[in-house]
Amino acid sequence: MLLRHLHSFASPARSLARHVNTVARPRVLCAAAAITGSAAGAVSAACIAKQGQETNPLLAQPSLFPRYADICAEHVSPALEERLAVAEAALCQLEATITSKLQAGVTPSYGELNDEAERISELVSAPWSAVNHLKSVKDEESLRKAVQATQPKVVRFSTRMSQSAALYRGWCALRADKEAWTALSGTQRRVAELEIRTAELAGIGLEGAAKVRFNEIAEELAALSTSFGNNVLDATKAFSLTLTDKSAVAGLPESALAQMAATARRKGQAEATAADGPWVVTLDGSCVMAVLRSADDAKLRETVYRAHVTKASEFDSKDNAPIISSILALRRERAALLGFESHAEVSLAKK
């Protein structure tokens with residue numbers, strides 16, 4: 001899942017994507033015990049409450065919606081460093097528990113392998129998802145810098161969890177235990193199979209220089225993905241088209257006209273109204289769809305369509321073509337390290 005929110009956490013192992021030493025040891029042990037102790041269950045609310053929730057909204061107790069209005073760039077690094085440290089300690093304890101059971105000839109339970117790992121991944125994925133969502137809808141330079149500085153640590157932890165030998169051996173042992181395997185539901189068996197496959201595709205079987213390079217590629221791809229997204233955001237913000245003739249906006253719904261007039265007011269045209277304009281067309285998704293679906297003016301539709309499909313391309317100052325070439329080359333290299341002929345084969349291996 002973490003990698004998904006790099007643009008993006010997929011499963012416990014699929015899900016978390018370093019140990020940082022800025023968190024007091026008592027807090028780390030408190031959270032780790034809450035996750036992997038004998039009373040394994042939901043992460044202790046008391047432990048999470050100690051992690052700065054009074055001052056950092058990214059560390060607030062989990063709720064349905066993050067406190068987006070209170071989040072700023074200064075919160076990102078402290079929150080993620082603290083959560084990464086807590087998650088690392090919890091993962092180490094979980095790995096020790098699984099290893100101990102395997103050495104004693106005991107098969108780890110599905111709950112230990114899946115549920116506990118999922119709770120660990122959520123420690124990081126929750127604040128990281130909130131940060132990336134905020135960046136996508138309220139893009140600011142300070143937030144970009146905060147994400148850029150923190151992302152490598154998140155990627156390294158995601159890779160670390162995906163390549164956990166203890167978790168991988170635990171899942172394999174569960175699959176090999178006929179009695180335990182039969183007791184699982186079809187859905188649980190599917191999850192287990194995917195966990196094993198995901199670990200293999202995450203480089204669990206690589207060693208030495210190959211593993212080092214594989215992990216380097218993961219960080220490089222994450223950085224390129226962020227640069228790609230930033231270029232798209234910049235290109236989107238760079239386009240605007242001011243309309244003053246009512247005939248140009250004929251067919252557009254009232255909601256779209258209100259949005260365009262509001263944009264005009266934000267750009268300094270205080271007199272703008274939905275009824276009389278002026279109206280500013282942008283490449284924001286809702287504006288693009290309103291124009292393409294409803295505008296009577298074919299020329300306006302064409303202008304917006306062409307601007308939309310060519311943004312961040314060779315026709316734009318923010319050209320993503322070199323980034324795409326780099327991503328394709330790294331994906332090919334990663335596939336080769338895993339023994340596949342192409343990235344397409346890697347992708348299909350999980351489907």
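The values are calculated or read from the model by the stated rules, or taken from the named source; none is laboratory data. Nothing here was measured: the structure is a model prediction, and the numbers come from that model. No Cβ is skipped: glycine too gets one built from the backbone with ideal geometry, and neighbour counts run over all protein chains shown.
Annotations for the structure displayed:
Quick grid of which residues meet (1) surrounded by 13 or more Cβ atoms within 10 Å (Cβ to Cβ); (2) modelled with pLDDT under 90; (3) over 11 Å from A130 (Cα atoms):
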residue	(1), (2), (3)
A49	yes, yes, yes
T55	no, yes, yes
L64	no, yes, yes
A73	yes, no, yes
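- When residues of the range 319-351 are limited to those that are under 30 Å from A235 (Cα atoms) and part of a loop (DSSP other than H, G, I, E, B), the one nearest to the chain's Cα centre (by Cα): N320
Residue-by-condition table, conditions (1) assigned to a helix (DSSP H, G or I); (2) at pLDDT 95 or above; (3) under 20 Å from the mean Cα position of the chain (by Cα); (4) surrounded by 18 or more Cβ atoms within 10 Å (Cβ to Cβ):
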| residue | (1), (2), (3), (4) |
| --- | --- |
| Q148 | yes, no, yes, no |
| K153 | yes, yes, yes, yes |
| A166 | yes, yes, no, yes |
| G170 | yes, yes, no, yes |
| E179 | yes, yes, no, no |
| E193 | yes, yes, no, no |
| I204 | no, yes, no, yes |
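- Residue match in the range 335-346 (condition: of a type in the set (D, E) and over 30 Å from E193 (Cβ atoms)): no
- Among (1) assigned to a helix (DSSP H, G or I); (2) at pLDDT 95 or above; (3) out of contact with any Lys or Arg (no Cβ under 9 Å at 6 or more places or on another chain), the one test that A248 misses: (3)
- Residue check, A223 assigned to a helix (DSSP H, G or I) and either under 30 Å from E271 (Cα atoms) or touching a Ser or Thr at 6+ places or on another chain (Cβ under 7 Å) (or both): no
- Verdict on A290 being among the small types (G, A, S), modelled with pLDDT of 95 or more and closer than 17 Å to T236 by Cα: yes
- Qualifying residue in the range 302-309 (condition: within 30 Å of I196 (Cβ to Cβ), part of a helix (DSSP H, G or I) and modelled with pLDDT of 95 or more): no
- If the condition is being under 18 Å from K178 (Cα atoms) and either within 20 Å of the chain's Cα centre (by Cα) or in a helix (DSSP H, G or I) (or both), then the range 87-111 contributes K101, L102, Y110, G111.
- Just one residue in the set L201, L143, L174, L167 is over 27 Å from I323 (Cα atoms), hydrophobic (A, V, I, L, M, F, W, C) and out of contact with any Ser or Thr (no Cβ under 7 Å at 6 or more places or on another chain); that residue is L167.
- The residues in the range 317-338 that are modelled with pLDDT under 95 and either in the same structural domain as C287 (by TED's automatic domain parsing) or in contact with a Ser or Thr (Cβ under 6 Å, 6 or more places away or on another chain) (or both) can be counted, and the count is 0.
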